[in-house]
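To start, the structure under review is shown below, and the notes come after it.
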Amino acid sequence: MNTPRIILVSLLFLGIGLSGCTTVVPWERGILAKSEMALDPNPLQSYMRSHNFGAREASASANAHGGGGGCGCF
Amino acid sequence: MGANGVRSAGRNQRQVSCDNQSRRPPGNNKTLHALTSAAMVLPGLMLQPAQATEVDADSFSFQYYRFQEGKRNLFNVPNKLDPIQADVIHATGRLSLTDRVKFTFNYTRDTWSGATPVTSAPLATNGNRPILENTPSGTIVSGASPTVNTQILLDRNLNPIARDPLTGEVLGKDTRTVEILSFASPEVRNAADFGLGYEWNEAALNISGGLSSEPDYQSVFGNIGGRLDFNQKLTSLKFGLGYTSSDISAILDHDLVPYLTRTAFEGQIESRGGSDIFHEDRQDFTGSLGLTQILNKQSLVDVNIGYTHSTGYLGNPYKAMTVIFVDPASLAGSQDTLITGDVRALMEQRPGNRNQIAVSSKYVHYVNPLSAALHLNHIFSYDDWGIHANTFTMDWVQPLGYGWTITPRIRYYSQGAADFYDPFLFSQQNFSSNAVDASGREIWVDSNDPDTEFVRDENFNLIDSSGNVVDESMLNVQPKTVPFDAEELPDHFSSDYRISGFGSLSGGVTLRKRLVKGIELQAGFEYYSRQSSLKLGGGGGTSFADFDFYVANAAIKIDIEKLNFAGGLGGGSSSSLHAEHDEKTHQQHQHEGVPAGVMNGHMLHKAGDFMFGYRYMHGRMDGDILHGDNVASDEQIVAQGCSDDTNCRFAPTYMNMNMHMLNIMYAPTSWLNLMLMPKFVDMNMNIRELEGRPPPQTGVHEHTGIAGHSTGGVGDTVMSSLVNLFNVPGHRMHLSLGFSAPTGDVDLEFRRVFQIDGGLVHFGMQLGSGTWDFLPSLTYTGDYRRWSWGAQLSGVKRMEDQNKSGYRLGNIFQATSWGGYRLTNWLSASVRGIYTDQGDIKGDFNDFNGRAGPMDFPANHGGEFWDIGFGVNASVPRGKFVGNRLSFEWLQPIRDDVNGFRLERKGALAATWSYHF
């Protein structure tokens, strides 16, 4: 089944990522402070997209306030 | 640190870099965006909308977007129904009340309408029945209307056999499935939420709550979330908890109700005023845990796990499952003849609870040579309905210089079907059969007393349980019917395409431009395609449900903090800073007096100044129908309210109108201002039958049930220029010349009901004038010490004889004058008188309209109106938020002298917020 394989891949990805941890002193955090590096660089669009996808898909990261119908889900 | 020096310790501690580009310290960024990512992952619910729409600094944003679906494939009939279209406006703001306390709010209004699938069925059922229309060139198929109760031809293996939808000719085996579409009338949803957050040095806590309201669904929700930083803020741990409680009161589609089998839900359906209302509720609990870890100078990773537990009614009362009932007796025997299946629609049945888990991993990496950031995200979602889903997203945030940033993105999504999903079902039993007793004799019952059973003897006489002959003519007997055995069907079933197996691919781009003075404009576009064949691992099997959509959005964001330092950071001396503040305070006083309901009331007098404003207006009409200035009786309305050859049948009971207007004003010189005002409107109303109305006729559109109707979307857009005539201390006068562009629809239609076209919606419910209009106005304002006063003459002159629906609205003339008194240095009150004269509508609808009542006839519009207005204005005299102004005004109608027959007005409320910078 694909499910355990996908979990494995994500964990691997995570492992590789985390293994690159170093200490970053405050005066070196210039790049990290840039708005492009924010976890959500376009919050207005993210709100809109999650509303749209949530109205047509049944997974997590779906729309707030319900999920079946009658939730502004069109 | 110059201009920042006056701020308190909390913020300063996080000022880590003197780099001009780093506006916000990483710690602060991380709170908001970390919580955003947590919200992203919450399965089933995004329960922290406050954080999800967080903006970096104190700011206000306004976004509009249009969602437009493409038509679905109906195979053998033309699809003429407009697909789902939604117009959404979304306002969001963030304000620091103190250095550590912040307040956030969000407001959303969705308006949508369009064709939506009710169920899916074998194409052979011809569920989308062709609508025939006679034209000069012969009879053509002009569209399709849904039918869910039919017969279907099947072969012995239960394969559907198709018949031509028009001629009935047998065509052969056809195993295709099709969605049966029904048109959903326009609906409007309003949602708002508020939040408070507290920020410590290494932690943060947020609480928010809100509600969402639409005619059939009300939700209340609350969330709490927090963040802990470790390791010199290189690591952050976040958590979130939320709860949503929703109530459903759905009026079942009256076209569908006679054909819908709803025995499973009889207990929850209330019949009232000709409508069937389904009542249910649902609860959702969510919890999430996340970790953000900085990896090195230019990359970070973010992992979140979310869990949702939902209980209650988790289905959709407008969706049905097609069940084909086949008599097992007809399958017996060895012939090859075709059999008939009984096609029925049952309200869908989903489980009463659902548990979902989602795991999201995000990696952000700065690509040095291109100065861009790469965002990669994967979400895996799993639930106990059997739906497993994967989402892969990639965004590339690329600054282009000169304040431009472009972000292209691509997203791939795949989901497996729910365990109880099926396009349609077969059941080997009769939908209903005649009851028989132990000896095989048919049982008959009296309709007036169904508990007493009879059978017939060999002479066909009716006999009771003791064997006595009964006189049939005294009773109303019918064969007793036994409904199908629900136990033979699965416990849960649904044909909702949203829980089927499929994959989707979407791509889009967002463009942002930072202008001077902290204003940012954003625009974006995205295209999405749902394809059964894109499902990971294949086997979607639902290509009949494929569709696509596009979304286009535009937004404006105002960074409040940046603006106030625009002067200071220029390195001016402290005296020039004071001068700026004094100037602002003085202008505040000038503008204070203008009541909220007055448009174009003041000008900006300094070149380079901006004003951004938001105005909300709510108007209501209800009560009596007036004729001239007298109350009209139903008799009068029926006889005179419509036309010479048509008597009125219905009259309006109430009408609400909501308008949201954005006011963007710029002063290129000290004597000229340019203004742009987009408008977003929504209206709702209901009607009642008139006493003494003519009886209903077949083929004529009637209004049944208790549901009212609503419309909403983009309204007309006004562009004007304001010219200063004189501006001396104590007195000002300016002229405004504007144009209204007809961006609001004037061809909105009611949906077909009972196979009768609804026609164009009433004049007053269309979204705009449909014509280019000229809007001149002359305004005078004055002030002396605490007193202020003003007067305005304004008009609307329609510049075209008719809009695309064949009519034009009446011209308007308005005269108003007011007086105000400043109570404190930040609060003032006003009283105003208004006279309005509006002409009636010229021309008439050029397409079918139901002509149900006075609101459908041009002569019943316009008139003379007198109102009195009471207002309060509050403005921020100094400090961080100087330049902000909030006003409210209530307009009380004193006298209406209407043209023809029109509903009386109850009043209107205007609320404006403006920010002058």
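Bear in mind these aren't lab numbers, they're just calculated from the coordinates by the rules spelled out. Note that this is a predicted model, so its numbers are computed, not measured. Cβ placement follows ideal geometry from the backbone for every residue including glycine, while neighbour counts extend to all protein chains displayed.
Odds and ends about this structure:
- Between the C-alpha center of region B:652-669 and that of region B:768-785 there is a gap of 13 Å.
- Student exercise, the protein assembly as shown dipole from Lys, Arg, Asp, Glu Cβ charges, in Debye to nearest 20: 5900
- Both radii come from the Cα set of the protein assembly as shown: Rg as radius of gyration, Rh as Kirkwood radius; their ratio Rg/Rh reads 1.01.
- Remark: C-alpha extents of chain B on the principal axes read 113, 75, 56 Å, sorted largest to smallest.
- Model label sites at B:Asp624 and B:Phe75, defined 7 Å from Cα along the beta-carbon direction, differ in position by 6.0 nm.
- Theoretical gain in end-to-end length, B:Tyr259 to B:Glu702 [0.36 nm per residue, Cα-Cα removed]: 157.5 nm
- The label point for B:Phe870 and the one for B:Phe460, both projected 7 Å from the Cα toward the Cβ, are 7.9 nm apart.
- Equivalent ellipsoid, region B:302-345 (semi-axes from 5 times Cα gyration tensor eigenvalues, Å): 45, 15, 9
- Segment B:Ser447..B:Arg785, full-extension length gain: 113.3 nm, with 0.36 nm per residue of separation and the alpha-carbon distance subtracted.
- Note on region A:28-42 and region B:57-129: Cα centroid distance 30 Å, given to the nearest whole angstrom.
- Within chain B, helix-based [θ] at 222 nm, where runs of 4 or more DSSP H residues each add -39,500 (n - 2.57), nearest 500: -2000 deg cm²/dmol
- Stretched out straight at 0.36 nm per residue, the stretch from B:Tyr835 to B:His279 would grow longer than its current Cα-Cα span by 195.6 nm.
- For region B:244-388, the spherically averaged projection of the C-alpha convex hull amounts to 16.6 nm².
- Averaging the Cα positions of each part gives two centres, and for region B:839-877 and region B:192-269 these lie 37 Å apart.
- Within region B:432-483, the percentage of alpha carbon pairs spaced more than 15 angstrom apart rounds to 40%.
- With a simple spin-label model that places each label point 7 Å from the Cα along the Cα-to-Cβ direction, the separation between B:Ser643 and B:Asp437 comes to 6.3 nm.
- Of B:Lys319/B:Lys679; B:Lys297/B:Lys535; A:Lys34/B:Lys557, those spanning more than 28 Å from alpha-carbon to alpha-carbon: B:Lys319/B:Lys679; B:Lys297/B:Lys535
- What the Cβ-Cβ distance of B:Ser371 and A:Val25 gives, at R0 = 22 Å and to the nearest 0.05, is a FRET efficiency of 0.50.
- Over region B:432-483, Cα pairs under 8 Å with separation of 6+ residues give a relative contact order of 42 percent.
- Nearest 10 degrees, 0 to 90: helix B:26-41 Cα axis against chain B principal axis: 10
- Ranked by the mean number of other Cβ atoms within 10 Å of their residues, highest first, the peptides B:884-897, B:684-697 fall in the order B:884-897, B:684-697.
- Candidate aspartates and glutamates for bridging to B:Lys606, where Cα separation is under 18 Å - those fewer than 8 sequence places away on the same chain excluded: B:Glu580, B:Asp582, B:Glu583, B:Glu592
- The relative contact order of chain B comes to 9 percent, based on Cα pairs under 8 Å that sit 6 or more residues apart.
- Computed from Cα atoms, the angle from the helix B:574-592 axis to the main principal axis of chain B rounds to 50 degrees.
- About the Cα centre, charge dipole magnitude for region B:617-769 (Lys/Arg +1, Asp/Glu -1 at Cβ), debye: 700
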